[in-house]
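Readers should treat all values here as calculations from the given coordinates under stated rules, not as data from a laboratory. Values in this document were obtained by computation on a predicted structure and should not be read as measured data. Ideal geometry is used to build each Cβ from the backbone, glycine not excepted, and the neighbour counts take in all protein chains shown.
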Amino acid sequence: MHLFNRSGTLTVVGVAASFLFSGCQSTNSDQAEETGEFVPPVQAAPVELQSEVPSEEDIAKPNEAELRELEEALAAEAQSRLKEPRSLSEQAKFFGAKATRLAETKQWKLSKGDRTLILKEDSRIAQLDGVKVILDAPLKRVRGNWLLGESDRRIVLNSAFGASKAGGIGAGTIVIDPGHGGIHDGAKNERIGIKEKELALDVSLRLQGHLEAQGFKVVLTRYDDRHIELKDRPSVANGLKADLFVSVHFNAAGKPEPVGLETYMFTPAGYPSSSATEVGDDAIPYPANGLDLQNFELAYAIQKSMLTRLGREDRGVKKGRWAVLKTLECPGVLVECGFVSNDDEALLVSTAGYRERVAQALAEAILGYAGVEADS
Ligand SMILES: [Zn+2]
């Protein structure tokens, strides 16, 4: 579509240029007559023809150069379509990875160097180096071949086996967003006497200390128990041209069983969030979608680091259209550091020791992502 629009514009420009050109030539031949130079009539004739008002048909007709450009573009497009991987093996091969089917478990193992991605047929659940990742679409059989969806190829496969887009922010500015606050307690466990807004602020202040000790500039969206509108939280990061944004939360469920850790990136445009199977009516691209790959790499680094430090259940790197991430212009994630609705986990998160380990895990992941060596 874009190609034809562009070509249409070029056509009009081409006609305008030929008007200018013919005007120029008339002037030259007038001057030639005045100076008495011989002007062959064969040159004058096409000038007269060109100065006629072109028909609409002529305007719509692309000239030869434009036709050539169009043909070349179409040929390039057809060529790229031929090269498009048509199987999981070809998709892996594009990034230099090898795909092997594990028949007994209906899984696929993709590997390159020390990295391994395990995919399951007809499933959205994947494991990247042992960390759970919820895909945007299930691994599907298309025309007889298993194939990873476009978004998962662009993000997960690229992150696992392609060139990393993380790092290079040096000791930049990091905005930490302690979830909830003021009239919004967030999740609560009254039996244990904990509120999410207090836990999130405590972890955020600890994280601030660790990051500042490594030379980062750190700004919190709140430093005390106050209400901040959701939309104002990413605005703090955008206003400061921050390099990273981390929203800190604790989880709750309607039943007591769920436990563990999960890290969210903003859902890629056109795909359902991890908790849904339908895209819904909120699938248009938002500013955060400009950084899908970086968001994934940050979320993955944080999830992996938390699992290593805390040893809690891995609920995965997930996708959600959270208001605090939607308008972000820098890489950002929302991290859920444990369930307050499970009494055992609530007791754990109520301890300063656990929250300190959460803060250390987040700091380590951020340092790794930023490409900064930790000063210990
Ligand atoms: Zn929350």
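Quick notes on this structure:
- Rounded is the label for region 88-161, because a/c, from the alpha-carbon gyration tensor with a ≥ b ≥ c as root eigenvalues, stays below 1.5.
- Dipole in debye (nearest 20) - region 206-357, about Cα centre, beta carbon charges: Lys, Arg +1; Asp, Glu -1: 320
- Cα Rg, Dmax, region 234-297, angstrom units: 14.3, 40
- Where GluC sites (Glu not before Pro) fall in DSSP loop in region 244-327, at most 14 other Cβ within 10 Å: 278
- Amide H contacts of residue 133: 126, 127, 128, 317, each under 5 Å away and 5 or more positions distant or on a separate chain (H built 1.01 Å from N in the peptide plane; Pro and chain starts excluded).
- Legend: ranking of residues 94, 339, 216 from fewest to most surrounding C-beta atoms inside 10 Å; resulting order 94, 216, 339.
- The string of couplings for region 119-135 from the Karplus curve (6.51, -1.76, 1.60, θ = phi - 60°) is 10, 10, 4, 6, 10, 9, 8, 10, 10, 10, 6, x, 9, 5, 10, 8, 6 Hz, one whole number per residue in order, with x for Gly and Pro.
- Reciprocal of mean inverse Cα separation for region 173-370 (Kirkwood radius, Å): 16.6
- Amide hydrogen proximity for residue 313: with H placed 1.01 Å from N in the peptide plane, the residues at 5 or more positions away or on another chain lying under 5 Å are 260, 261.
- Karplus-derived 3J(HN,Hα), 6.51/-1.76/1.60, for each residue of region 185-199, Hz, glycine and proline x: 6, x, 6, 9, 10, 6, 5, 8, x, 10, 10, 4, 4, 6, 4
- What the phi angles of region 257-270 give under the Karplus curve with 6.51, -1.76 and 1.60, with θ = phi - 60°, is a coupling list of 5, x, 9, x, 10, 8, 10, 9, 10, 5, 4, x, 4, x Hz, glycine and proline written as x.
- Three-way shape call for region 289-376 based on the alpha-carbon gyration tensor, with the a/c threshold at 1.5: oblate
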